[in-house]
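Here is the structure we will look at, set down as structure tokens.
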Amino acid sequence: MDRLTVVIAAHNEAEALPLLHPRIVSALRQLEGVDGHVLYVDDGSTDGTWEVLQRLARQDAKVSLLRLSRNFGKEAALTAGLDQVESGAAVVLDADGQDPPELIPEFVGRWREGYDNVHGTRIQREGEGWLKRSTAHLFYRVIGRLSKTPIPADTGDFRLLSPRALEGLRQLRERHRFMKGLFGWVGYRQIAIPYRREPRVAGDSHFGLWRLWNFALEGITSFSTAPLRVATYLGVTTALFAFVFGLWIVVKALLWGDAVAGWPTMMAVILFLGGMQLVALGMIGEYLGRLYDESKQRPLYLVDVWQPGAAGVSFGQSSVKGESHAHGTSVVGGQGP
Ligand code: UDP
Ligand code: MG
């Protein structure tokens, strides 16, 4: 029997989870010949999320729980969850019901046809403002242009990964984790399933505009060095321009003499060049900072509590043993119901 684990990262989703869980359960029930499991990762929630999860786990032996030692962010939380899926495929879902679990049977059908990476592509986003939709649209276009790794447009983390795609993903231990890019990097056979993104069932989005902007920077710097090259081209263009301008000044002085005017021109040039240099330095800084973070070799997350479901016996340490493999640091084994 094929094994399937639905992995859900949740940060302060106490209201949404009780609404989402029954939908997942009924989607998994529809699957024939699939042993369905659910793994919730509590990403340092400060509301009642953990208590809600414990209740779900008590009622359902197929629910496993993982609690991180603090809030590490969605990408780390997903990584933590996927690291625990030892066998079978995994489906990644948002806890807020924006990714409909009702699509899981279709995902599984595609997996059976031999696809390794079945991702949901949004044809419509509901309950999200005009600004979020249009900036998201722009972002996917820009990153599609800049990145050599194919990153499907309008596609979030909602997807099914086959065992070999999971295995591939587990080998990527970088600290700055732009998951959409990492999924794309793994490759194998991919297929997009169009769906309508619904509004959140409860609570508010964690990603405001500022966080989205940082997220976009993360994506671009993780998957492209094009901005560094932009600095080079800007420099070359400016130098050419300066050369021509210099020639012109000399010629002008020779022909008509020089009356030492031109303070405004000088200020303009100095300010412009100063600004450009700072921008270029900032771009280098973005990459340097990321290099610094990588060089520290810190684990991606720490586990506070690992509570496998009673029916989830084959969960355990993941099969990839790397120096940077983080989980198991302070694991407290819990009992299922
Ligand atoms: N999330 C998380 N850790 C965080 C922030 C968010 O695990 O630090 C989870 C959150 O619980 C949800 C998913 O990531 O399941 C997507 O978050 P959200 O719905 O706020 O983002 P949006 O859909 O608005 O982009
Ligand atoms: Mg959401």
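The values are calculated or read from the model by the stated rules, or taken from the named source; none is laboratory data. Since this is a predicted model, take the numbers as computed values, not measurements. Positions of Cβ are generated from backbone atoms using ideal geometry, with glycine treated the same way; all protein chains shown enter the neighbour counts. What goes into the accessible areas is simple: the full protein's heavy atoms, side chains included, and nothing from ligands, DNA or RNA. Shrake-Rupley method; radii C 1.70, N 1.55, O 1.52, S 1.80 Å.
Summary of values
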item	result
Gaussian network model of the chain, Cα within-10 Å springs - most flexible of 254, 103, 131	254
For residue 74, solvent-accessible area (1.4 Å; no DNA, RNA or ligand), Å²	50 Å²
HN-Hα J in Hz across the range 253-270 - Karplus 6.51, -1.76, 1.60, θ = phi - 60°, x for Gly and Pro	5, 5, 7, 10, x, 10, 9, 6, 9, x, 4, x, 4, 4, 4, 4, 5, 4
Heavy-atom SASA rank of 106, 113, 32 (probe 1.4 Å, accessible area, largest first)	32, 113, 106
Choice from 302, 291, 161 showing the highest fluctuation, given a GNM over the chain with Cα pairs closer than 10 Å	291
Environment charge of residue 15, counting only residues whose C-beta is closer than 13 Å and scoring Lys/Arg +1, Asp/Glu -1	-4
Top positive-direction residue, dipole computed over the chain with Cβ charges, set 12, 90, 191	191
With Cα atoms, 0 to 90° folded angle of helix 17-29 axis to the chain main axis	70 degrees
Inter-site label distance for residue 23 and residue 278 at 7 Å from Cα along Cβ, in nm	4.7 nm
FRET efficiency for residue 132 and residue 192, using Cβ-Cβ distance with R0 set to 22 Å, rounded to 0.05	0.55
Partner lysines for residue 74 [C-alpha distance under 27 Å; skip if fewer than 8 residues away on the same chain]	62, 132, 148, 180, 296, 321
The chain - share of DSSP beta bridges that are antiparallel (%, nearest 5)	30 percent
Three-way shape label, the range 121-206, alpha-carbon gyration tensor, a/c 1.5	prolate
Accessible-area composition of the range 131-288, carbon plus sulfur, in percent [1.4 Å probe]	71 percent
Solvent-accessible heavy-atom area per residue, rounded to whole Å², over the range 159-261 at 1.4 Å	59 Å²
Residue 1 paired with residue 58, simple spin-label distance in nm, labels 7 Å along Cα-to-beta-carbon	2.6 nm
Distance-filtered residues of the range 166-190 - backbone nitrogen under 20 Å, label point 7 angstrom along residue 70 Cα→Cβ	175-177
